[in-house]
Amino acid sequence: RSSDLDMPLLIDGRRVDLSSSVLELRDSHPCLLETARALTSKPAEIVEPKGLLYVQQREFAVTTPSDRSVSVLGSEDATTCHLLVVRHTGSGAVCLAHCDGSDTEDEVSMIMSCMNSFSNKLDGGRLELHLVGGFSDDRHLSQALTKQLVSAFDRQKDDIHLVTFCVSELNDKVENSIHFPIIYGIAVNVQTAEIYNATFQEKGPEEDLRSARILTGG
C-alpha cells in the first residue's frame, strides 16, 4: 500500500467498520467493553496541581516522559464533549485533547502532526487511541461526535490502534430517568501511561484567560 494512502483505525488488528454504531462496535469487540468497564468502575481520583498540565475545551497538549515539568495531563467538564488520548508506545509521547466537535478533522490532523514530531519511528512501537466521554443525550450530540472522531482517525496516514472506547452509551448512567455521563474527566500519567477517572482542584495555568478564548471563539 503506497504511503500517500490513508491508513486504517484498528481494533485487535482488524479495521474498524465505520458504519457500526457504538453498541455494535462493543458487541463486535468484547475487549472494548472490558476496558470501558475497568475505567467506569473506579471513582474519580483527585489530581494534585503539582506536575499537572490541565487541558481545557478545544485544547490539546503533547509531551514525553523526558519532560521534567509535566507528569500528568488531565481534563474534565466533558458532557457531550470527548476526551482523547493518543500515545506512541515506543517513544512514550502522549497527547490529551478535549474535543467539542467544532473542527474535528483539523484538530485530529494537528494532533497527529504533533505526535509524529514527538515520536521517532525508529523507536518501534505503535500509536494507540483512547476515547472517553459523551453519554446518551437526547440530541444525540455525543454519538455524532464519536462518529466524527472515529472517522477522522481512520483517515490519518498512520495505523492507529483503538484501545479504549468509553463513549456515548458506554459512558452513560441513568438516575431518576435522566441520563448522565459516568466519567466527566480523565488524567494520564506520562511516565506509566495509566489513564484514569479524574477530577481536578486546579485547572491552570491561566484558567480564566484560556476559558475566555473559548467563549469568544478563539
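For (1) modelled with pLDDT of 95 or more; (2) over 23 Å from Gly204 (Cα atoms); (3) among the small types (Gly, Ala, Ser); (4) surrounded by fewer than 20 Cβ atoms within 10 Å (Cβ to Cβ), each residue gets a yes or a no:
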{"position": "Ser2", "(1), (2), (3), (4)": "no, yes, yes, yes"}
{"position": "Leu5", "(1), (2), (3), (4)": "no, yes, no, yes"}
{"position": "Ala44", "(1), (2), (3), (4)": "yes, no, yes, yes"}
{"position": "Gln56", "(1), (2), (3), (4)": "yes, no, no, yes"}
{"position": "Asp77", "(1), (2), (3), (4)": "yes, no, no, yes"}
{"position": "Cys81", "(1), (2), (3), (4)": "yes, no, no, no"}
{"position": "Val85", "(1), (2), (3), (4)": "yes, no, no, no"}
{"position": "Ser109", "(1), (2), (3), (4)": "yes, yes, yes, yes"}
Criterion: under 25 Å from Lys203 (Cβ atoms) and outside any helix (DSSP H, G or I) - qualifying residue of Gly125, Gly101: Gly101
Output the residues belonging to segment 161-199 that are touching a Pro at 6+ places or on another chain (Cβ under 8 Å) and not in a loop (DSSP other than H, G, I, E, B). Asn171, Asp172, Lys173, Asn197
In contact (Cβ under 8 Å) with a residue 40 or more places away in the chain, within 16 Å of Ile11 (Cα to Cα) and touching a Leu at 6+ places or on another chain (Cβ under 7 Å) - does that describe any residue in segment 113-130? yes
Regarding Ala93, is this residue more than 17 Å from Phe165 (Cβ to Cβ), open to solvent by less than 10 Å² (accessible area, probe 1.4 Å) and without any contact (Cβ under 8 Å) to a residue 40 or more places away in the chain? yes
Number of the condition not met by Asp17 [criteria: (1) charged (D, E, K, R); (2) in contact with a Leu (Cβ under 8 Å, 6 or more places away or on another chain); (3) crowded, with 18+ Cβ neighbours inside 10 Å]: (3)
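The values are calculated or read from the model by the stated rules, or taken from the named source; none is laboratory data. Everything numeric here is computed off the predicted structure, so don't read it as measured data. Cβ: placed from backbone, ideal geometry, glycine included. Neighbour counts: every protein chain shown. Quick note on the areas: whole protein, heavy atoms, side chains included, nothing else; ligands and nucleic acids left out. Shrake-Rupley method; radii C 1.70, N 1.55, O 1.52, S 1.80 Å.
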